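Chemist: Attaching a single structure in structure tokens format; questions to follow.
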Amino acid sequence: GVLLLDAVRDEAGQIADFQIKAANEAVGRLTGTNPAAAVGRTMGEVYPGYKKGGFFDMYVQTLNTGQLGRAEYYYE
């Protein structure tokens, strides 16, 4: 699945979340969500466990360093 995200920053300029700008159909198949309905919402709204699962930290690191992150997550 592919997501296009935009950083949402707090008053101090720190990344607080990511807004979903686009999501392909594979995201829907992988997560059981409607990708079109996710556009415009934050990752925290659509995938509340993503920070706990380490994805948030990986996305922040990728944005700050330019180094791509890779993760695998299996939905049951």
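The values are calculated or read from the model by the stated rules, or taken from the named source; none is laboratory data. Worth saying up front: this structure is predicted, and the values here are computed from it rather than measured. Here the Cβ is made from the backbone with ideal geometry for all residues, glycine too, and neighbour counts use every protein chain on show. Side chains included, ligands, DNA and RNA excluded: accessible areas come from the protein's heavy atoms. Shrake-Rupley method; radii C 1.70, N 1.55, O 1.52, S 1.80 Å.
Chemist: Could you list, in sequence order, all residues of segment 1-18 that are in contact (Cβ under 8 Å) with a residue 24 or more places away in the chain and surrounded by fewer than 17 Cβ atoms within 10 Å (Cβ to Cβ)?
Modeler: Of everything in segment 1-18, those that are in contact (Cβ under 8 Å) with a residue 24 or more places away in the chain and surrounded by fewer than 17 Cβ atoms within 10 Å (Cβ to Cβ) turn out to be 1, 2, 7, 8, 15.
Chemist: Here is a further query. Can you tell me which residues in segment 17-63 are within 13 Å of residue 3 (Cα to Cα), assigned to a loop (DSSP other than H, G, I, E, B) and small (Gly, Ala, Ser)?
Modeler: Matches in segment 17-63: 40 only.
Chemist: For segment 24-39, what are the residues that are among the aliphatic types (A, V, I, L, M) and open to solvent by 50 Å² or more (accessible area, probe 1.4 Å)?
Modeler: Hits for segment 24-39 are 30, 36, 37, 39.
Chemist: Scan segment 40-53 for residues that are at positive phi and either open to solvent by less than 30 Å² (accessible area, probe 1.4 Å) or touching a residue at least 24 places away in the same chain (Cβ under 8 Å) (or both) and report the count.
Modeler: Here the count works out to 0.
Chemist: Another question about this same structure. Given the condition aromatic (Phe, Trp, Tyr), open to solvent by 100 Å² or more (accessible area, probe 1.4 Å) and in a loop (DSSP other than H, G, I, E, B), answer yes or no: does some residue in segment 67-74 qualify?
Modeler: yes
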